1. For region B:224-245, enumerate the residues that are surrounded by fewer than 22 Cβ atoms within 10 Å (Cβ to Cβ), in contact (Cβ under 8 Å) with a residue 60 or more places away in the chain and either of a type outside the set (D, E, K, R) or assigned to a helix (DSSP H, G or I) (or both).
2. Has region A:207-217 got any residue that is of a type in the set (Val, Ile, Thr), within 11 Å of another protein chain (Cβ to nearest Cβ) and open to solvent by less than 10 Å² (accessible area, probe 1.4 Å)?
3. Which residue out of B:262, B:333, B:322 is β-branched (Val, Ile, Thr) and over 25 Å from residue B:192 (Cβ atoms)?
4. Could you please find all residues in region B:202-215 being over 17 Å from residue B:302 (Cα atoms) and either surrounded by 17 or more Cβ atoms within 10 Å (Cβ to Cβ) or not small (Gly, Ala, Ser) (or both)?
5. Among the residues of region A:74-107, what is the count of those that are open to solvent by 70 Å² or more (accessible area, probe 1.4 Å) and in contact with a strand residue (DSSP E or B) (Cβ under 7 Å, 6 or more places away or on another chain)?
6. Are any residues in region A:150-183 open to solvent by 10 Å² or more (accessible area, probe 1.4 Å), closer than 21 Å to residue A:222 by Cα and more than 12 Å from chain B (Cβ to nearest Cβ), and if so, which ones?
7. Looking only at region B:246-275, count every residue that is open to solvent by 10 Å² or more (accessible area, probe 1.4 Å) and in contact with an Asp or Glu (Cβ under 8 Å, 6 or more places away or on another chain) and tell me the total.
8. Looking only at residues that are among the β-branched types (Val, Ile, Thr) and either open to solvent by 30 Å² or more (accessible area, probe 1.4 Å) or at positive phi (or both) in region B:108-141, which one is modelled with the highest pLDDT?
Amino acid sequence: MKKLFVELNLLISLIFLGLTLSFPTFLAIAAANNRPERIVSISPSLTEILFAIGAGQQVVAVDNISNYPPDAPTSPLSAMEPNMEAIATFEPDLVVLSYDIGGLVKGLNTIGINTILLPAALNFEEILNQIIELGQVTGNLDQARELVEEMNTEMTSLISMRKSKVRMSVYHEIDENYYSPSTNSFIGSIYRLLNLHNIADQADKDGVGYPKLSPEYILSSNPGMIILPGKTPEYVAKLKNRPGWSAIDAVKQERFLIIDPDIGSRWGPRIVAFAKAVVARSDLDEN
Amino acid sequence: MEDIFRIPRLALTVSFLILGFAALASICLGATKIPILNIFEFMWDSFFTSGVNSSLSEIEKTIIMEWRLPRFVLGALVGASLSVAGSGFQGVFRNPLADPFLLGSAAGAGLGATLVIVTDLNVSFLFLGSVQFGAFLGALVAVIAAAIISSSSGRTTASLLLSGVAVAAFLTACQTYLMQRNFVSIQEIYGWLIGRLLTSGWGEVLIILPYFVFCFSIIFMYGRELDLLRMSEDESKALGGSPLQAKIVVISCASLMTAVAVSVSGLIAFVGLVIPHVVRLAVGASYRIIIPLSAIIGAAFLSSADTFARSAVAPAELPIGVITAFIGAPFFVLILKLSKGTI
């Protein structure tokens, strides 16, 4: 049963890979002569990428959750439950999206609207690939290449900075149910790049990306740093009061990192800022 | 309290043995591998001597005393509450398929609690805190709504259940909407809908314990009334029962139990339905026996389900509601099949 599941998974990933590789390339060729001028983005992550590669001028509307950069033209379009008709009223010549819910791509293509589907990246490299792809499709390839090079350089220097350092273990707490991103998710994969041990990995044998950890496992794996997306000081105070948690290294040394929850859930250029913050916090000499 | 002596000794002993076994499993199993002999030694020391010479590390002691033990007790209390509430509802409605989940009272409790949390209302009442009182009102309103809707459409077993299902669906939709509007994370909504046991330390146990003791005692005392209710209301009155009072009291207490259980665990399905049935099949139809034994077996069942949830895929965890529904749903079908013609 399990084997069948794995094979099925593999098959689906292969199909996905095929689609993501061939489809945008095809579109890119078409777009080279035909630079889109009315882009609609219904993916907060892709919105961030579009603006970072200088395609912001071409964007006419973004979904209701896309709040970065602040000058993105936020509209009532739903990112979770996208509505084809509502999208069509903006008369876009290109729709960028990350989830093809309810046959949206097919529907938009039928009425003559081009689409590019870029599903959630799984790691840093995939983020860079998506940036290049969006650069190609929107006619901003040069700026996209520049951005990728810049991100690559910064990341490489962060990686080499961490290489010689102690391999600390980290726990990334999404909420009180102890869900945590493993290396199979883009945000969790950054920790391994930075020579940090992500404790969620052992709990993610099926590779789902966001396992629910057993609280006693967190306690006994004694993380040296705890990453808390969008948490308040009250939350941290409660966390410290969990029975036995005062013995955890991260709690003893107050090594918490509160990050913008948007950065933790979006694959985009800001991932580098996240990596920087993690490196700064994990530096043992600092304390 | 002569009623206690009517419970078959054997059934009572077996039930407690099962609960004891569940307790042991719950304390010995988990994501951290701690040698079982060392755990026994440690438990022995800490309960019977002053307990200093233990081969366990501080972390391991904390895991046992502050994580596994309270979680066992919480699971046991939630399981017992839902089972006793289920028996109560089944008695009052004379309906073998009544249960807090199917009647909509669990969903009502959820909505009530969420409303109080979201609006920051202060509605504490007598000994009830705001959240518990909101949950209690929600549970009560849901059960009454289900009862009224069903009585206007023929008052059969099926009509009560269908009304309950409709009420539950409506209230759950309201609740999910509220949670989404208030930017609760998707994981939290999901966790709530399928049920989970969230504890760190004894806080949640202390919330639920007094309500359990209070409501259980009252429903237990009304066991005779519930048995009388199995006959017609006239016969019941002739034998000295007061059916209306019994119904009001039992529905209120069952709702309160459900409300408090739901406020700590989310919507855990099927426990309140399955457990009273198992007990009924094993020891007979008297509520004076079903109620106390349901409490014990319900406690053992839910805490065992939680032990499984914690250890089957360790160090990851499964949401407990998945396990109870996985066992409960087929059982529900079995009851339907067995009772063909009578429901």
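1. B:224, B:227 - these are the residues of region B:224-245 that are surrounded by fewer than 22 Cβ atoms within 10 Å (Cβ to Cβ), in contact (Cβ under 8 Å) with a residue 60 or more places away in the chain and either of a type outside the set (D, E, K, R) or assigned to a helix (DSSP H, G or I) (or both).
2. Scanning region A:207-217 turns up no residue that is of a type in the set (Val, Ile, Thr), within 11 Å of another protein chain (Cβ to nearest Cβ) and open to solvent by less than 10 Å² (accessible area, probe 1.4 Å).
3. B:333
4. Correct list: B:202, B:206, B:207, B:210, B:211, B:213, B:214, B:215.
5. Going through region A:74-107 one residue at a time, the tally reaches 2.
6. A:165, A:166, A:167, A:168, A:169, A:183
7. 2
8. B:141
The values are calculated or read from the model by the stated rules, or taken from the named source; none is laboratory data. Being a predicted model, the structure only gives us computed values, none of them experimental. Neighbour counts run over all protein chains shown; Cβ positions are idealised from the backbone, glycine included. Ligands, DNA and RNA are stripped out before the accessible areas are found, and what is left, the full protein with its side chains, is counted by its heavy atoms. Shrake-Rupley method; radii C 1.70, N 1.55, O 1.52, S 1.80 Å.
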